[in-house]
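Worksheet for the structure shown next.
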Amino acid sequence: MNIPLYTQDGAKSGEVAVSERIFGQKPNNALVHKMLIMQLSNKRHPIAHTLTKGEVRGGGKKPYAQKHTGQARQGSITNPHNRGGGVAFGPRNVRNFELSASKNERRKALFCALSGKFADGRVSALESYTSDKPKTKLFNEMMKKLPFEKDVLFVLPKKDDAFVQVSRNIPRVKTVIVNYLNIADLLKNRDVVFLKESVAKLEEIFLRKK
C-alpha cells in the first residue's frame, strides 16, 4: 500500500509505503462513531450552574402563618416555585460527562478512520517544509501548488513551532502531532497529509509490540 509523496513545490516525487494494518482496515462506522462521541464528551466542561433551594440564601423562617391566611401553606421562600428561589432539576457544573473505552477500541477506530481516508484517496505525504523566513504568505503559496482544495490536516512527526506558526492563520488548515492523531480531526478535515517522517513515526507508535 502506497500514498503519493509531494515536494514543497507541488510536484509529485514518488510514493511512500504505508502499513496495511493501519490503512487497510474494513469499515466500522459504528465503532468510529462511538469513539467520536467519547472524544467529544470528554472535552465537555459544563459551566452553567444553578442553585438548589438548599443553596439559595434566605428562607430561615416561614414567610407567613400556616393557617387562616387564605393562601397555600409555605415553608420557605427558597422553594423553586417562588421568585428568587432555588431551581429544580437545573444544570449543575458538577455533572460528569466522561466516557471510557479500551485501548484496543480506540486504536481500532483510529485505524478505520485512516483506512476510510485512504480508500477515498485522501491520504498523502509531504517530503518536508523549509523556509528561510517563517511567513504565512510563503506557506500559503505552497498550499496553492499542492493538490488539496480545503480542510487539510497536516500530521507532524514532532512539535514544530515554525510550521504551526506559518499555518495557523490559514483557514481550513490544521496541524497535529502524530502522537495526538484523533478521530475528530480526521473526520472534520477532508485531506490528511503526513510529513514523510510522520509515516514511520505512526507505525512506531501504534504498531509497537506490547
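Points worth noting:
- Apart from one condition, residue 132 fits all of (1) outside any loop (DSSP other than H, G, I, E, B); (2) modelled with pLDDT under 90; the exception is (1).
- Applying the criterion of being aromatic (Phe, Trp, Tyr) and not in a strand (DSSP E or B) to the residues of the stretch 162-199, the residue that is nearest to residue 115 (Cα to Cα) is 180.
- Whichever residue in the stretch 171-210 is in contact (Cβ under 8 Å) with a residue 24 or more places away in the chain and of a type in the set (Lys, Arg) and, among such residues, is nearest to residue 128 (Cα to Cα): 196
- Here residue 124 passes the criteria (1) crowded, with 19+ Cβ neighbours inside 10 Å; (2) among the polar types (S, T, N, Q); (3) touching a Ser or Thr at 6+ places or on another chain (Cβ under 8 Å) except the one numbered (3).
- Count - residues of the stretch 118-139 that are in contact with a Phe, Trp or Tyr (Cβ under 8 Å, 6 or more places away or on another chain) and under 26 Å from residue 186 (Cβ atoms): 8
- Annotation note: Cβ proximity below 8 Å between a residue of the stretch 132-153 that is in contact (Cβ under 8 Å) with a residue 12 or more places away in the chain and a residue that is among the acidic types (Asp, Glu) and in a loop (DSSP other than H, G, I, E, B) (sequence gap 6+ or interchain) occurs for 142/9; 145/9.
- The residues on offer are 99, 51, and the sole one that is hydrophobic (A, V, I, L, M, F, W, C), in a loop (DSSP other than H, G, I, E, B) and free of Cβ contacts under 8 Å to residues at least 40 places away in the same chain is 51.
The values are calculated or read from the model by the stated rules, or taken from the named source; none is laboratory data. All values derive from a computational prediction rather than experimental measurement. Cβ coordinates were reconstructed from backbone atoms using ideal geometry, including for glycine residues, and neighbour counts include every protein chain displayed.
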